[in-house]
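Chemist: Next up is a structure, given as structure tokens.
The values are calculated or read from the model by the stated rules, or taken from the named source; none is laboratory data. The model shown is predicted, which means the values in this text are computed figures rather than measured ones. Positions of Cβ are backbone-derived with ideal geometry, glycine not excepted, and every protein chain shown enters the neighbour counts.
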Amino acid sequence: AYNLKNGGFDKSIGIGDSMNDLEMLKQVDIPVIVAKKNGTYENIQLPGLIKAGAAGPEGWNKVVLNYIL
């Protein structure tokens with residue numbers, strides 16, 4: 001991921017919300033899970049997994065603003 005805060009490419013980030021995203025989340029430096037519409041999270045356990053703190057596009061946006069911009 002390009003990170004404007006640090007001035008370049010340094011780590012990969014993956015953002016998902018379900019079990020079908022598990023393989024992607026295992027491959028990135030920063031795995032992030034976004035809440036479902038009802039506010040719950042998929043039961044995914046990974047080292048360093050970050051919960052986005054919001055559901056759907058709002059959760060995705062929070063991650064992008066915090067880690068990339």
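Chemist: Could you list, in sequence order, the residues of the range 18-36 that are in contact with a helix residue (DSSP H, G or I) (Cβ under 8 Å, 6 or more places away or on another chain) and over 12 Å from Gly53 (Cα atoms)?
Modeler: Ile30, Pro31, listed by residue number.
Chemist: Which count do you get for residues in the range 1-27 that are part of a loop (DSSP other than H, G, I, E, B) and at pLDDT 90 or above?
Modeler: Quick first cut of the range 1-27, residues part of a loop (DSSP other than H, G, I, E, B) only: 1, 4-7, 10-12, 17-18.
From the residues that got through so far, the ones that are at pLDDT 90 or above too are 17-18.
Total meeting the criteria: 2.
Chemist: Kindly indicate whether Leu65 is at pLDDT 90 or above and more than 11 Å from the chain's Cα centre (by Cα).
Modeler: Values: at pLDDT 90 or above: no; more than 11 Å from the chain's Cα centre (by Cα): yes.
It is false that Leu65 is at pLDDT 90 or above and more than 11 Å from the chain's Cα centre (by Cα).
Chemist: A follow-up question, please. Go through the range 40-69 and report how many residues are part of a strand (DSSP E or B) and either in contact with a Pro (Cβ under 9 Å, 6 or more places away or on another chain) or surrounded by fewer than 17 Cβ atoms within 10 Å (Cβ to Cβ) (or both). Steps first, please.
Modeler: Narrowing the range 40-69 to residues part of a strand (DSSP E or B): 50-55.
Adding the requirement that they be either in contact with a Pro (Cβ under 9 Å, 6 or more places away or on another chain) or surrounded by fewer than 17 Cβ atoms within 10 Å (Cβ to Cβ) (or both) leaves 50-51, 53-54.
Final tally of qualifying residues: 4.
Chemist: Conditions: (1) touching an Asp or Glu at 6+ places or on another chain (Cβ under 9 Å); (2) surrounded by fewer than 16 Cβ atoms within 10 Å (Cβ to Cβ). Glu23 meets all but one. Number of the miss?
Modeler: Tallying (1) touching an Asp or Glu at 6+ places or on another chain (Cβ under 9 Å); (2) surrounded by fewer than 16 Cβ atoms within 10 Å (Cβ to Cβ), Glu23 fails exactly one: (1).
Chemist: Given the conditions (1) in a loop (DSSP other than H, G, I, E, B); (2) at pLDDT 95 or above, and given that Lys37 satisfies all but one, which numbered condition is not satisfied?
Modeler: (2)
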